[in-house]
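What follows is one structure encoded as structure tokens, with my remarks underneath.
The values are calculated or read from the model by the stated rules, or taken from the named source; none is laboratory data. Because the structure is predicted, anything quoted here is derived from the model rather than measured. Using ideal geometry, Cβ is built from the backbone for each residue, glycine included, and neighbour counts are taken over all protein chains shown. These accessible areas exclude ligands, DNA and RNA; they are computed on the full protein's heavy atoms, side chains included. Shrake-Rupley method; radii C 1.70, N 1.55, O 1.52, S 1.80 Å.
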Amino acid sequence: MEKIIIFDTTLRDGEQAPGASLNQKEKLDIAFALERLGVDVIEAGFPISSPGDFAAVSLVAKEIKKSAVCALARAIPKDIDSAFQATKKARQARIHVFLATSKIHMRYKLKKAEDEILRLAVKAVKYARNLCGDIEFSPEDASRTEREFLFRVVEAVITAGARTVNIPDTVGYSEPFEYGNVIKSLKENVPNISRAVISVHCHNDLGLAVANSLAAVQNGARQVECTINGIGERAGNASMEEIVMGLVVRRDRFKAKTSINAREIYKTSRLVSKLTGFVIAPNKAIVGLNAFRHESGIHQDGVLKKRATYEIIRAEDVGFKVESLVLGKHSGRHAFKERLLKLGYKPNDHEIDEVFKKFKALADKKKQVFDDDIMALIQEEIEGKVPEVWRLNTFVISSGNRIQPSARIRLVFRGKIFENTASGDGPVDACYKAIEGITRVKCQLLDYSLQSVTRGEDAQGEASVRLRCNGKEISGRASSTDIIEASIRAYLQAINKIVFAK
Ligand code: KIV
Ligand code: ZN
């Protein structure tokens, strides 16, 4: 079995997906989940791109102990210095330098000729290698690069000290046969290729990112770059869960293994979905809600007789709990704590007490409390570290198809109650206007989404909002069995982040 290095770029390329921006705490939570999942390398960000990204990469580098932590840099000293500074506390640091090599990028974007690009690539890798022992180089848009030139660049950067050469299909243009051949030709034509790991990085513009990555593995690639749920620029990147399970299920074809603990996949996928606000399509392979459901009678009959007739993966193999009933209102704190630990959280005593109270309140309202409900509660508690400067006291809404929706909201601020009534296009809009009138925090609502946490009539709704305030984007999230309450509390969480930051 060949070992395939899993390089996760959820926090870098994944976060480049429009609307996915994550704060530092959210990035760290995802990094911990990736570490538990067993990824070999976490690409934590692009430190030169903003002070926030620099800080987030530094934090991840300091906290993560098992996976290597990587930072991206253009082939210029100030980027490389910044990547070095941000990752220097990591147990294993990597700097990832990239420079475009395709004709179209060199001519129109960089306005440089081949020899100049080659010189800059070598210079950057040597510069980075003086700072860090583990250097990866990406000839951006490699799949559309002239093959002979690609060979020259790859050979030169390996000589200059790159340990990994990544071959990006930057615009998702390749098809599997062609892309597999690029990898094969590198092995055949680059004399020093055995001194580096060949990595692949595929985008999904034609829906082929996973197929291309697997074709590359069959042709000798030993590192795959991917993201959880396939999030990323435009149509996204190759999805980690699909690649990993492809390698597991078709071990007979790929003869390769990874260090991923597949049972952590579902939980990690849910966390990334929650924190980015990107809902997972029900039919999404491996992690979609329908991925393990059989509707047709013939299929159900087959599965009952012999599971393997229609199932190639067991739901539990990827940690997909089919809404297991875990606890009820008579469950004690000890059992609750055990459940949290099993779900992968490490709350302190205060957090357990707080979440336990909320769990009891939820168990009173809801007949059945599932793992996903508990995950929503603990997630809120962990994120809710922002003090509740403004707290919801009561709300009353009036809405209908023939009346103008209105909301009366009461909030508590420093022990005092403030009340306001407003009307809006709908009940949620009316609530948000009433809140704005009380708090006087003016924001633009960029995104609002509502998702059911579990199934059933009494399921909790989880509301997510993204606001823009003074040029900054802030998110808020909350869940409740009442969707208006969830919407109000999500909005207040975002407002409290703003007020607290001030
Ligand atoms: O898609 C791409 O080419 C990239 C590089 C920076 C590796 O993300
Ligand atoms: Zn990319």
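Would you work out the Kirkwood radius for the stretch 2-276? I mean one over the mean of 1/r across all pairs of different Cα atoms, in Å.
It works out to 18.2 Å.
Beta carbons within 10 angstrom, averaged per residue: use that to sort the peptides 328-337, 357-366, highest first.
The packing order, highest mean first, is 357-366, 328-337.
Given the Cα atoms of the chain, and with Rh set as the inverse mean 1/r over their pairs in the Kirkwood sense, what is Rg to Rh to two decimals?
Result: Rg/Rh = 1.01.
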Restricting attention to the chain, give the cysteines that have no other cysteine Cβ less than 4.7 angstrom from their Cβ. CYS70, CYS132, CYS202, CYS226, CYS431
Restricting to DSSP H runs of at least four residues, report the calculated mean residue ellipticity at 222 nm for the chain, -39500 (n - 2.57) per run over all residues, nearest 500 deg cm²/dmol. -12500 deg cm²/dmol
In order over the stretch 41-56: 3J(HN,Hα) from phi, Karplus 6.51/-1.76/1.60, θ = phi - 60°, whole Hz, x for each Gly or Pro, gives 10, 10, 7, 8, x, 10, x, 6, 5, 6, x, x, 5, 4, 5, 5
For the stretch 1-44 and the stretch 169-191, what is the centre-to-centre distance using only Cα atoms, to the nearest Å? 25 Å
Could you tell me how far the Cα centroid of the stretch 52-104 sits from the Cα centroid of the stretch 210-251, in Å? 22 Å
Out of the DSSP beta bridges found with both residues in the chain, what percent are antiparallel (nearest 5)? 50 percent
Would you work out the relative contact order for the stretch 390-501, in percent, from Cα pairs under 8 angstrom that are 6 or more residues apart? 18 percent
Note to self: with every protein chain in place and a 1.4 Å probe, the chain gives an accessible area per residue in Å² of 45 Å²
Separation of the stretch 276-315 and the stretch 458-502 by C-alpha centroid, Å? 33 Å
Rank-order 271-284, 407-420 by packing density, defined as the average count of other C-beta atoms within 10 Å over each peptide's residues, highest first. 271-284, 407-420
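For the chain, what is the relative contact order in percent, using Cα pairs closer than 8 Å and at least 6 residues apart in sequence?
After rounding, I find 10 percent.
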With a 1.4 Å probe and every protein chain kept in, tell me what percent of the accessible surface of the chain is carbon plus sulfur. 51 percent
Keeping all protein chains in position, work out how much accessible area SER194 exposes to a 1.4 Å probe, and write it in Å² to the nearest 10. 110 Å²
P(r) tail for the stretch 198-286, what percent of Cα pairs lie past 23 Å? 19 percent
